[in-house]
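Take a look at the structure below.
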Amino acid sequence: MANCPKCGKKIGLLHLKPNCPNCGVNLLYYKIEDRLEVDAINAELEHAKTQKRIDRVKNATVGSKLSIVRLVLAVLVIGMFFLPLASLNIKIPFYEDSLNFNALEIYNEVSVLDFDGLFGLLGSSLFGTAFTCLVVSVVTIVVAALCAILSLVLSILSSSPKGFIRNLCLSGIGIVSTIASIVCYSIFSSEIKEALPGLMSGSVGFGAYCVIAAFVILIAINIVIKKK
């Protein structure tokens, strides 16, 4: 059973007519103008919320020349990971090679890595420190790469209330992770050179420093945009 919206009297389940049997008001169209007005207001409010989000995305990406520069820099940071990040020189009897590592090469090497053999090296008294630093170096550079990807993806939210802080945090973590990777790889190179003198040596590539520079520039452009 239901109640009439006008007189409040109960209406039986078997009453199929559009009018109230007590006061005769049309049950379908009673105060329809008020309901339509409420629906229109709700639709306007929802449109305003949606439009606000669209305006934020537009402002964060192509709203100004500086926003476009920031978007380009976010792409550039990712590109820096495809430059030579590190190198490894191997000189053993009947074999000599020089390997350069970037994001793609690191992924290829890790995807076919013998983890059992790696764990054995980590526990080695001779190579343990060196390969522990190598693992930390790889992990931290991966963290930096993830920060770069997130910086690009979340750049569309840069105009949101927490967008500025989020951008700075991601770039800051990227810088710290890259520096940690450089330090760890340098320790690895030193340890492996000492353990295998003349047979194996490594060095940090210029790409790692380009990654740091790109993150720093990205922080700077975010600060400039925030001030403006």
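The values are calculated or read from the model by the stated rules, or taken from the named source; none is laboratory data. On a predicted model such as this, the values are computed, not experimentally measured, just so you know. Ideal geometry is used to build each Cβ from the backbone, glycine not excepted, and the neighbour counts take in all protein chains shown. The area values use the complete protein model at the heavy-atom level, side chains included, leaving out ligands, DNA and RNA. Shrake-Rupley method; radii C 1.70, N 1.55, O 1.52, S 1.80 Å.
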Hits in the stretch 130-179 (condition: farther than 17 Å from ILE106 by Cα, aromatic (Phe, Trp, Tyr) and at pLDDT below 90): none
Would you be able to tell me the number of residues in the stretch 62-91 that are in contact with a helix residue (DSSP H, G or I) (Cβ under 7 Å, 6 or more places away or on another chain) and open to solvent by 20 Å² or more (accessible area, probe 1.4 Å)? 13
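Could you say which residue among ALA43, ALA74 is closer than 29 Å to LEU152 by Cβ and either part of a helix (DSSP H, G or I) or at pLDDT below 75 (or both)?
ALA74
So which of ILE225, ILE187, ILE192, ILE182 ends up being in a helix (DSSP H, G or I), hydrophobic (A, V, I, L, M, F, W, C), over 30 Å from ARG56 (Cα atoms) and modelled with pLDDT under 90? Working first, answer last.
Values: ILE225 fails: over 30 Å from ARG56 (Cα atoms); ILE187 fails: modelled with pLDDT under 90; ILE182 fails: modelled with pLDDT under 90.
That would be ILE192, the only listed residue that is in a helix (DSSP H, G or I), hydrophobic (A, V, I, L, M, F, W, C), over 30 Å from ARG56 (Cα atoms) and modelled with pLDDT under 90.
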Under 8 Å between Cβ atoms, which residue pairs at least 6 apart in sequence (or on different chains) link something in the stretch 152-163 that is farther than 10 Å from ARG56 by Cα with a partner that is open to solvent by less than 50 Å² (accessible area, probe 1.4 Å) and in a loop (DSSP other than H, G, I, E, B)? none
Of all residues in the stretch 150-165, count the ones that are over 10 Å from the mean Cα position of the chain (by Cα) and either open to solvent by 50 Å² or more (accessible area, probe 1.4 Å) or of a type outside the set (S, T, N, Q) (or both). 7
